[in-house]
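Enquirer: Take this structure, written in structure tokens, and hold onto it; I'll ask about it next.
The values are calculated or read from the model by the stated rules, or taken from the named source; none is laboratory data. Source: prediction; values computed, not measured. Every residue, glycine as well, gets a Cβ built from its backbone with ideal geometry; the counts of neighbours run over all protein chains shown. Surface areas here come from the heavy atoms of the whole protein model, side chains and all, with no ligands, DNA or RNA. Shrake-Rupley method; radii C 1.70, N 1.55, O 1.52, S 1.80 Å.
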Amino acid sequence: LKMKVAIVGATGEVGRMMITCLEESNLEISELDLFASSRSAGTVLYYTDQPIKVQELKQDSLLKHYDYVLFSAGAGVAKTFAPIAIQTSEVVIDNSSGFRKEPNIPLVVPEVNGDLLTGYSGIVANPNCSTIQIILPLAVLDKLFNLKKLIVSTYQSVSGSGHQGIVTLLNQRQGKNDKGVYPHIIDLNVIPQIGGFLDSGYCQEEEKMHFECRKILNKWDLLVSATTVRVPVIYGHSVSVYAEFENEVDIPKSEKTLQNSPRIVYYPNTYITPLDLGSSNETHICRLRLGTDEKSLTFWNVGHNVRLGAAANAVNILITHSKYSGRL
Ligand code: 2RA
């Protein structure tokens with residue numbers, strides 16, 4: 001069945017990658033409408049070599065039927081326009097943090113909790129990039145050993161801040177002493193803050209990881225402590241994960257299960273760095289070892305934050321829903 005799809009925020013890093021991921025999926029899309037702010041309207045983007053002029057998002061832009069509307073335009077735009085879109089379209093997939101905490105809105109990584117999409121029509125929240133890449137292996141290990149506690153430190157690339165994050169780093173690498181989108185110079189530096197600080201002493205990104213890991217695994221008593229750090233990398237988030245379990249772990253069994261799990265690449269004898277990611281839509285796990293005792297594991301995780309962490313997971317939600325709803 002040919003599908004009608006719209007992308008809101010089409011000219012941003014994630015929006016452009018959503019177009020690429022749709023192309024890579026070979027879905028039969030009869031109509032692809034692209035929307036953005038007045039600032040970006042008029043831009044011509046290409047889908048399977050066909051030029052598409054980006055339209056300015058207006059109040060009535062989404063009052064037509066689409067099978068799927070993909071949003072990557074920030075929480076403000078999503079909060080205003082997703083409820084409008086859902087009146088005439090089947091599913092709205094939003095990449096912002098706007099709906100993730102809504103109890104009735106599913107927060108989905110299809111390989112982990114894709115069953116929530118069965119028979120569903122409405123808004124679906126795409127999780128935060130740093131959550132997506134670790135929840136895939138953690139869901140596997142949780143099933144094996146019953147996850148109880150998580151301590152994670154992230155090393156997040158500047159593309160997580162969008163195109164302006166990339167511009168900020170590149171400018172600094174050329175000697176410009178301009179902080180750009182960050183509170184400090186990021187070149188040759190690391191910044192232990194992503195988002196604003198909360199009364200708890202955690203920052204918004206850390207709180208997102210705490211909440212989202214619990215919601216996606218449906219483990220509301222999961223103990224989580226995250227430290228999220230910006231690093232001078234363009235694409236690719238890395239995460240150091242320490243996971244504690246109810247039961248004793250088994251390394252060979254963990255390795256075998258991870259290797260055989262979808263969207264996971266496991267490296268038994270070497271490791272991967274962000275520069276090795278290329279156009280991978282998978283999460284990469286390496287340096288798996290015992291944590292502090294027989295009931296804990298530590299590993300290093302790398303994922304492409306714009307692909308896996310945003311656009312590819314959103315398109316995977318679209319594909320998974322299409323299969324469940326008989327469109328595919
Ligand atoms: C970041 N995860 O990396 C956040 C939003 N993409 O800035």
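Enquirer: Computed over the Cα atoms, what is the radius of gyration of the chain divided by 2.2 N^0.38 Å, N being its residue count?
Expert: Dividing the Cα radius of gyration by 2.2 N^0.38 Å gives 0.98.
Enquirer: Further, regarding this structure: Please report how far the C-alpha centroid of segment 79-109 lies from that of segment 301-328, rounded to the nearest whole angstrom.
Expert: 15 Å
Enquirer: What whole number of Å gives the distance from the Cα centroid of segment 177-217 to the Cα centroid of segment 60-75?
Expert: 28 Å
Enquirer: Follow-up. Between segment 120-168 and segment 20-36, what is the separation of their alpha carbon centroids in Å?
Expert: 24 Å
Enquirer: Then there is this: Could you tell me the calculated FRET efficiency between ASP276 and LEU188, based on Cβ-Cβ distance and R0 = 22 angstrom, to the nearest 0.05?
Expert: The formula returns an efficiency of 0.55 here.
Enquirer: Using alpha-carbon pairs under 8 Å, 6+ residues apart, how would you state the relative contact order of the chain in percent?
Expert: Normalised by residue count, the contact order of the chain is 19 percent.
Enquirer: While we're here: Over all pairs of distinct alpha carbons, what does the Kirkwood formula give as the hydrodynamic radius of segment 249-323, in Å?
Expert: Evaluated on segment 249-323, it is 13.6 Å.
Enquirer: While we're here: Going Cα to Cα from LYS148, which lysines come in below 28 Å? Please leave out same-chain ones fewer than 8 positions away.
Expert: LYS101, LYS208, LYS215, LYS219, LYS253, LYS256, LYS295
Enquirer: Another one. Accessible area per residue of the chain at 1.4 Å probe, in Å²?
Expert: Value returned for the chain: 43 Å² of accessible area per residue.
Enquirer: Taking only DSSP H segments of four or more residues, each worth -39500 (n - 2.57), what value at 222 nm results for the chain once the sum is divided by all its residues, to the nearest 500 deg cm²/dmol?
Expert: -8500 deg cm²/dmol
Enquirer: Please give the solvent-accessible surface of HIS163 in Å², to the nearest 10, using a probe radius of 1.4 Å with every protein chain present.
Expert: 100 Å²
Enquirer: How big is D, in µm² s⁻¹, for segment 18-133 by Stokes-Einstein at 20 °C and 1.002 mPa s if Rh is the Kirkwood radius over C-alpha pairs?
Expert: After rounding, the answer is 142 µm²/s.
Enquirer: Spin-label point model (7 Å from Cα, Cβ direction): what's the ASN171 to ASN146 distance in nm?
Expert: Result for the modelled spin labels: 5.3 nm.
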